[in-house]
Amino acid sequence: MNRLNALAFALLLLLSCLSGCIGDLDASNDSESDSENPSQDGSENDSDDELDDPSDNASENDSIVDSDNDADNGSDNDAGNQSDEQLDGRVVECLDGSTTVVQWGQQTCATPEVFAASDVSQETVNLTLEWYEIGSIAWGNYGPIEIYIIGENLSAAEELEDEYCERHKALDDNWKEEWDCANANYQIFTQYIEEGGAAVGTFMKAHTEYDFSMLIMSAKYPGPDEEDYKPVMLHEYFHIYQHAHIQDKCTDDSRDVCLRDDKMGGKNTPWFSEGGAEFMGQSLYAQQPGVHDNYLREVMERKLNHSLDGYKAQDIRLDNLTYQSDVNVYDVGAWFIAFLIHNEGESAFLEGFYGDLDEFGFDASFERNFNSTRDSYLEDFELFLDQSREEIMSILPEPTTVNDS
Ligand SMILES: [Zn+2]
């Protein structure tokens, strides 16, 4: 029975993810989407830097649908709205024989369900899961998650969209095929064939009953043969961590207030969410065996070189930059998080800030854990950026060994 339940759970997960992940959803499509697609930025062409340039193509997409929005009630657990059957569907058996109920924001023994397009190799599936596991060991294993891997074949991506649709229709009585499934205005996986990239979609929605996160990886920008695929996977998993610490449900109507957006750092102002995912993903990648000692410093120096002058030459503060800004908010945001963690320690950010976020909201949690208001911290950050590049770089850990090569 547990196995059946686990299967049903997996199915559910798959279905609900899709609608949130895309940048060009129309208003009737939902969800929060953090998508990485660096390939659109013509200014940078070095292939190992793709993660740094997602801004042109990334979007947060909240959308619609009606009414019963628990957005005001951050600590509310939606389990009460679900039938016993649905709750049962989230029961999974752990390797040690115990069982657990997978719930939003709770760490779990459950492994993510993976759905790959038919042209994606088992090797790519294994690679994706390997890096998912590294992220989940470092930051905690949060669920429910559905991972979708898109290949190069359009028909295969369309088939995956159909599969997603059918599965979620079966798993959630409130799933609305007309807007939750792919349609002429709402691509779920097919755009990755041309655009590539990676994304996380959050399906914690007012109109659906089955909550889940969707993590999408594709065949390019980065592809599974590129080193960037690994830190990008960690970057995406950090978005899962961020969203797992927020219980608010949002509607699919972008006109509605969505507290989830506020807690991520503001609607379409991804300084904190993308900066955090980028710095944490790159930092964790840098610590893995086989990654060269100077990796993190090189990545962060590249971000500085790409974005510092442009950022200082304009007068939009970091927390007002958008995905569409000329300045790469991922780059400067990553430096803000590096600055923050250098000053406050990683646990103040990871456990302190995210632990208090749902109860207190963004600004109050910020102040409680970083002993300063957002405004004041951002002023300090501007002063930090006024230093020489050597002084800026000095907050990063030195490599433990000298690389002579
Ligand atoms: Zn991201």
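The values are calculated or read from the model by the stated rules, or taken from the named source; none is laboratory data. Remember, predicted model here, so these are calculated numbers, not experimental data. Note that each Cβ is placed from the backbone with ideal geometry, even for glycine, and that neighbours are counted across all protein chains shown.
A few remarks follow.
- Which listed residue is outside the structural domain of TYR330 (by TED's automatic domain parsing) and buried (at least 18 other Cβ atoms within 10 Å of the Cβ), from LEU259, LEU296, LEU304: LEU259
- Subset of the range 151-169 [in contact with a Leu (Cβ under 8 Å, 6 or more places away or on another chain) and charged (D, E, K, R)]: GLU161, GLU163, GLU166, ARG167, LYS169
- ASP261 fulfils the conditions (1) in a loop (DSSP other than H, G, I, E, B); (2) out of contact with any Gly (no Cβ under 7 Å at 6 or more places or on another chain); (3) over 17 Å from TYR330 (Cβ atoms) except for a single criterion, (1).
- Taken together, the criteria place ASN328 among residues that are buried (at least 23 other Cβ atoms within 10 Å of the Cβ), in contact with a Lys or Arg (Cβ under 9 Å, 6 or more places away or on another chain) and of a type outside the set (Lys, Arg).
Results for (1) away from the ligand (no atom under 16 Å from the Cβ); (2) in contact with a Pro (Cβ under 7 Å, 6 or more places away or on another chain); (3) modelled with pLDDT of 95 or more; (4) of a type in the set (Gly, Ala, Ser), shown as yes or no for each residue.
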site	(1), (2), (3), (4)
TRP179	yes, no, no, no
ALA182	yes, no, yes, yes
GLU194	yes, no, yes, no
ALA199	no, no, yes, yes
LYS205	yes, no, no, no
SER218	no, no, yes, yes
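- Filter result for the condition that a residue is within 16 Å of the ligand (Cβ to nearest atom), part of a loop (DSSP other than H, G, I, E, B) and closer than 21 Å to SER376 by Cα, over GLY333, GLY276, GLY266: GLY266
- Within the range 330-364, tally of residues that are more than 18 Å from the chain's Cα centre (by Cα), in contact (Cβ under 8 Å) with a residue 24 or more places away in the chain and over 16 Å from GLU278 (Cβ atoms): 4
- Of the criteria (1) closer than 22 Å to GLN387 by Cα; (2) away from the ligand (no atom under 15 Å from the Cβ); (3) touching a residue at least 60 places away in the same chain (Cβ under 8 Å); (4) under 23 Å from the mean Cα position of the chain (by Cα), which one LYS303 fails: (2)
- Among the residues making up the range 179-203, those that are in a helix (DSSP H, G or I) and touching a residue at least 60 places away in the same chain (Cβ under 8 Å) are TRP179, ASP180, GLN191, GLU195.
- A single entry from SER388, SER365, SER376 fulfils the requirement of being touching a Leu at 6+ places or on another chain (Cβ under 6 Å) and more than 16 Å from the ligand (Cβ to nearest atom): SER365.
- All helices (runs of 4 or more DSSP H) inside the range 84-177 with 3 or more residues being of a type outside the set (Gly, Ala, Ser) and over 28 Å from HIS245 (Cβ atoms): 122-139, 154-171
- Candidates ILE147, ILE188, filtered to the one that is buried (at least 23 other Cβ atoms within 10 Å of the Cβ) and within 16 Å of the ligand (Cβ to nearest atom): ILE147
- For the range 228-256, filtered to residues that are in contact with a helix residue (DSSP H, G or I) (Cβ under 6 Å, 6 or more places away or on another chain) and not in a helix (DSSP H, G or I), the residue that is nearest to the ligand (Cβ to nearest atom) is ASP228.
- Conditions (1) touching a strand residue (DSSP E or B) at 6+ places or on another chain (Cβ under 9 Å); (2) farther than 17 Å from GLU113 by Cα; (3) among the aliphatic types (A, V, I, L, M): number failed by ALA199: (2)
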